[in-house]
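Here, each number is a calculation from the coordinates, and none is a lab measurement. Quick caveat: nothing in here was measured; it's all calculated off a predicted structure. Quick reminder, even Gly has a Cβ in these numbers, built from the backbone with ideal geometry, and neighbours come from all protein chains shown.
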2 protein chains.
Amino acid sequence: MGDSVILYSYWRSSCAYRVRIALHWKGIEYEYRAVDLNAGADAGQFAGEYRALNPSTEVPTLCIDGQVLAQSVAICEYLEETHRGRGVSLFPTDAVARAQVRRAVELINSGIQPLQNARVVKRVRELAGAGAQAEWTKEWIRFGLQALETVVARSWQGGPYCFGTEVTMADVFLMPQAYSSERFGVSMTDYPTLNRIVQNLHKLPAFAAAHPDRQPDAPRPGA
Amino acid sequence: MGDSVILYSYWRSSCAYRVRIALHWKGIEYEYRAVDLNAGADAGQFAGEYRALNPSTEVPTLCIDGQVLAQSVAICEYLEETHRGRGVSLFPTDAVARAQVRRAVELINSGIQPLQNARVVKRVRELAGAGAQAEWTKEWIRFGLQALETVVARSWQGGPYCFGTEVTMADVFLMPQAYSSERFGVSMTDYPTLNRIVQNLHKLPAFAAAHPDRQPDAPRPGA
């Protein structure tokens, strides 16, 4: 591995999307390796070689500094610890402010994403049918976004982003969640503070470059 | 609030259990306030006063340093940032080692716990019945523990704890997950490395003091 940075990603994975934003934000160049999450039983994330890198058979996995890192929160915290400074930091310096950013991150990371995860949703469909599956996903997204809207609106300082004028890890996690929410039929316009922030984030080059549609494994229009 | 530290907790909540361990480990005295998660529609975590503190109507919530903190990962990271040093730190100093600890934490925090969460399990029962519910919980716990066993066994250095001779945040998260796993019918003996570590953790006073059975709102034996 050595000096090269390799990201194992899937275009539509919200967890990989988080890490892509953080890498772009910090100006870290990386090689993109697509892992096809729909490749079947012994391929994609279930292939032996990938499973050895990541025993939970999930994306993202990041090879950096000669190490194999997994879990988007752990990767993002690592990138923050190793690439800090003016214009690239994703956490405030004050411990209380950092705790509030991590609270928002967790409302998405442990509060919503695990319940909209493809393998979880697939299991709900097997157990209860396709109609129940669609409702399941929307219910948990709505529940989580409502709590997040309340928490962010309270601490929001009128600035363009979740915690004021500086982009934080909360924004890095919000953008992919907004993408997933729309994909699963929950409109962000129901959450006015979050929606306004997402519109602002779309204008940032690092966020735009990390968008699913711009990844090498995204379906080509008309293909 | 001022100088007093108040933990809103429920005896059997694994997320509250994590924060209780971290508080005991760091020697932080706190007042225990029980939130009854089975109190009904407008009581317990759904009471207006509690909902104002924690809009996602979950435990734990920690009032400390004049602030209201929520989400166990965010709280534990805050306690680490504000209470570090020999014998009380819960993260190694090396950034790569910290990323590996956080990876283990996340395999539990976002990989297992959200799927065994009481309100999620209740929804599965409503959609698919009590039998499906029991299988659901066991399946996700097994899936997550198998990945965790592989990851921890690889980095395990033969020491008593997940990452060697020092207790880390991974241990703080493992112990409550082991408790929940047994409660939902998954034996830790299927995961030999994790099981050995849990046995060692039981011997530590901070971990013992945080055990659900020792909390003021736990049912009294024979009651």
- Message: Under the √(5λ) rule applied to the eigenvalues of the Cα gyration tensor, what semi-axes describe the equivalent ellipsoid of the protein assembly as shown? Give them in Å, descending.
- Response: 30, 25, 25
- Query: Hey, any idea what the orientation-averaged projected area of the convex hull of segment B:128-223's Cα atoms comes to, in nm²?
  - Reply: 7.6
- When N is the residue count of segment B:161-210, what does its C-alpha Rg come to as a fraction of 2.2 N^0.38 Å? 1.06
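Roughly how many debye, to the nearest 20, is the charge dipole of segment B:44-155 about its Cα centre, given +1 on each Lys and Arg Cβ, -1 on each Asp and Glu Cβ, and no other charges? Numbers along the way, then the final one.
Working: 13 positive and 12 negative charges, 54 e Å.
The dipole of segment B:44-155 has a size of about 260 debye.
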- Query: With point charges of +1 on the Cβ of Lys and Arg and -1 on the Cβ of Asp and Glu, referenced to the Cα centre of segment A:95-208, which listed residue (A:Ala95, A:Gly129, A:Val167) lies farthest in the positive direction of the dipole?
  - Reply: A:Gly129
- Item | Euclidean distance of C-alpha centroids, segment B:98-138 and segment A:165-223, integer Å | 26
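Per the helix-only calculation at 222 nm, which mean residue ellipticity applies to the protein assembly as shown, given -39500 (n - 2.57) for every DSSP H run of n ≥ 4 and division by its residues, nearest 500 deg cm²/dmol? Please list the in-between numbers first.
Values: 20 runs with 232 residues, N = 446.
Mean residue ellipticity, 222 nm, calculated: -16000 deg cm²/dmol.
With the Cα gyration tensor of segment B:6-86 in hand, give its eigenvalues times 5 under a square root as the equivalent ellipsoid semi-axes, listed largest first in whole angstrom. Provide the component values of the computation, followed by the final result.
Details: eigenvalues 108, 30, 19 Å².
The answer is 23, 12, 10 Å, longest axis first.
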- Message: Assume the label is 7 Å from Cα along Cα to beta carbon: what separations in nm does A:Ala153 have to the matching positions in the other copies?
- Response: 4.9
- Query: Hey, got the dipole for segment B:95-208? About the Cα centre, +1 on K and R Cβ, -1 on D and E Cβ, debye to the nearest 20?
  - Reply: 200
- Message: Suppose the Debye formula is applied to equal point scatterers at every Cα of segment B:82-155; what is log10 I(q)/I(0) at q = 0.12, 0.15, 0.23, 0.24 Å⁻¹?
- Response: -0.47, -0.64, -0.98, -1.02
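For chain B, calculate the relative contact order in percent as a whole number, restricting contacts to Cα pairs under 8 Å that are 6 or more residues apart.
Numbers: 280 pairs, mean separation 52.4, N = 223.
Relative contact order of chain B: 23 percent.
Given a Förster radius of 22 Å and the C-beta distance between A:Thr93 and B:Glu166 as r, what FRET efficiency does 1/(1 + (r/R0)^6) yield to the nearest 0.05?
Numbers: r = 27 Å, r/R0 = 1.21.
The computed FRET efficiency comes out at 0.25.
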- Message: Can you give me the distance in nm between label points at A:His83 and A:Asp190, each placed 7 Å from the Cα along the Cα-to-Cβ direction?
- Response: 3.5
- Task: Pull up all non-local amide H partners of A:Thr168: gap of 5 or more, or a different chain, and H-to-H distance under 5 Å with H placed in the peptide plane.
- Result: A:Cys162, A:Phe163
- Item | Separation in nanometres of the label points that stand 7 Å from Cα toward Cβ, at B:Glu49 and A:Asp65 | 4.6
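For B:101-112, what's the mean count of beta carbons from other chains sitting within 10 Å of each residue's beta carbon?
Working: counts 1, 9, 10, 3, 3, 10, 6, 1, 6, 12, 6, 1.
That average works out to 6.
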- Message: Just to be sure I understand the rule: take each whole DSSP H helix in chain B, project its Cα atoms onto its long axis, keep it if the span is 24 Å or more and its mean Kyte-Doolittle hydropathy is at least -0.5. Which ones pass?
- Response: B:130-155
- Message: With just the Cα atoms defining each centre, how far is segment A:53-74 from segment B:4-20? Give it in Å.
- Response: 30
- Query: To the nearest whole number, what is the average tally of beta carbon atoms from other chains within 10 Å of the beta carbons of peptide A:145-152?
  - Reply: 3
- Item | Across the identical copies, how the A:Asp3 labels are spaced - nm, sorted shortest first, 7 Å along Cα→Cβ | 5.5
- Item | For A:Glu31, inter-copy label distances in nm, listed shortest first [label point 7 Å out on the Cα-Cβ vector] | 5.9
- Extension gain, A:Gln157 back to A:Asp42 (0.36 nm per residue minus Cα-Cα distance, nm): 36.5 nm
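Taking a temperature of 10 °C and a viscosity of 1.306 mPa s, what whole-number D in µm²/s does Stokes-Einstein yield for chain B with Rh from Kirkwood over alpha carbon pairs?
Details: Rh = 18.1 Å.
For the chosen part, D equals 88 µm²/s.
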- If you place +1 on the Cβ of every Lys and Arg, -1 on the Cβ of every Asp and Glu, and leave all else neutral, what size is the dipole of segment A:6-86 about its Cα centre, to the nearest 20 Debye? 300
- For segment B:6-86, whose charge dipole is built from +1 on Lys and Arg Cβ atoms and -1 on Asp and Glu Cβ atoms, the candidate among B:Ala74, B:Val35, B:Gly48 with its Cα farthest towards the positive end is B:Ala74
